[in-house]
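Worksheet: one structure, shown below.
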Amino acid sequence: MKKHFINLNRIAATCKGNPLKASPIGILQEFFNYATPAEHTKAFDAFCRAALKQKYGWHRGSPGNALHYAGQLELLIEAACLLHKNRQLYRSLLTQQQAATESVEYADALQYLKTFFSKASLRKWKKWLHVFTMAAISQQSAADEISPVAIYTFTTYITQLLQMVTMIVKNNG
């Protein structure tokens, strides 16, 4: 098994096949079909708050809901990684007219993916997500496992990622 299959395991499990052949735009569109960007931002905030409490803090249904949402966040991160690694390929999906009128926001969103994955590797983002997930459904705090800098990085950059992939989906939808 090649290394990239290990890192894109959520896409491989969801899309039933080679994760590199999955459409990250399709995955992101499905992500936003599940909930609006504002709802995702609110859910992510609740997810983080639950993970940072020293007691059980998930109050949006059963712990299974937190696990499902964490799976959706993992798909988001993996799809963003595919877009980042194959930026030229996905830019070519735009028609020539769209490419000529490509918005500044869209270009900024694509640039943000570079910033996002230069801040931490895919593996690190997924590790932080796992820590937050386990903390959200237990009586532990993510602060017991990772540094305050990592907590700040994770929460800030994922919140920004939600906004940036919204631009990407909007421009490819």
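For region 59-75, give me each residue that is crowded, with 21+ Cβ neighbours inside 10 Å and either out of contact with any Leu (no Cβ under 7 Å at 6 or more places or on another chain) or modelled with pLDDT under 90 (or both). Once the filter is applied, which keeps residues that are crowded, with 21+ Cβ neighbours inside 10 Å and either out of contact with any Leu (no Cβ under 7 Å at 6 or more places or on another chain) or modelled with pLDDT under 90 (or both), region 59-75 yields A66, Y69, L75. Taking region 116-154 as the range and being among the hydroxyl-bearing types (S, T, Y), closer than 22 Å to N7 by Cβ and in contact with a helix residue (DSSP H, G or I) (Cβ under 8 Å, 6 or more places away or on another chain) as the test, the residues that pass are T133, T153.
Checking each residue in region 130-164 for being hydroxyl-bearing (S, T, Y) and under 15 Å from the mean Cα position of the chain (by Cα) picks out T133, T153, T155, T156, Y157, T159. The helices (runs of 4 or more DSSP H) found entirely in region 102-173 that carry 3 or more residues being closer than 14 Å to L73 by Cα, in contact (Cβ under 8 Å) with a residue 40 or more places away in the chain and hydroxyl-bearing (S, T, Y) are 148-172. None of A100, A135, A107 is farther than 21 Å from A38 by Cα and either among the charged types (D, E, K, R) or at pLDDT 95 or above (or both) except A135.
The set of residues in region 21-58 that are loosely packed, with under 15 Cβ neighbours inside 10 Å, touching a helix residue (DSSP H, G or I) at 6+ places or on another chain (Cβ under 7 Å) and not in a helix (DSSP H, G or I) contains only A35. Among all residues of region 83-91, there is none that is in a helix (DSSP H, G or I), farther than 21 Å from Q163 by Cα, modelled with pLDDT under 85 and under 17 Å from the mean Cα position of the chain (by Cα). Of the residues making up region 155-168, those that are in contact with a helix residue (DSSP H, G or I) (Cβ under 6 Å, 6 or more places away or on another chain), among the β-branched types (V, I, T) and closer than 16 Å to T41 by Cα are T155, V165, T166.
The values are calculated or read from the model by the stated rules, or taken from the named source; none is laboratory data. Predicted model, so just to flag it, every value in this text is computed and none were measured. With ideal geometry, Cβ positions are generated from the backbone for all residues, glycine too; neighbour counts draw on all protein chains shown.
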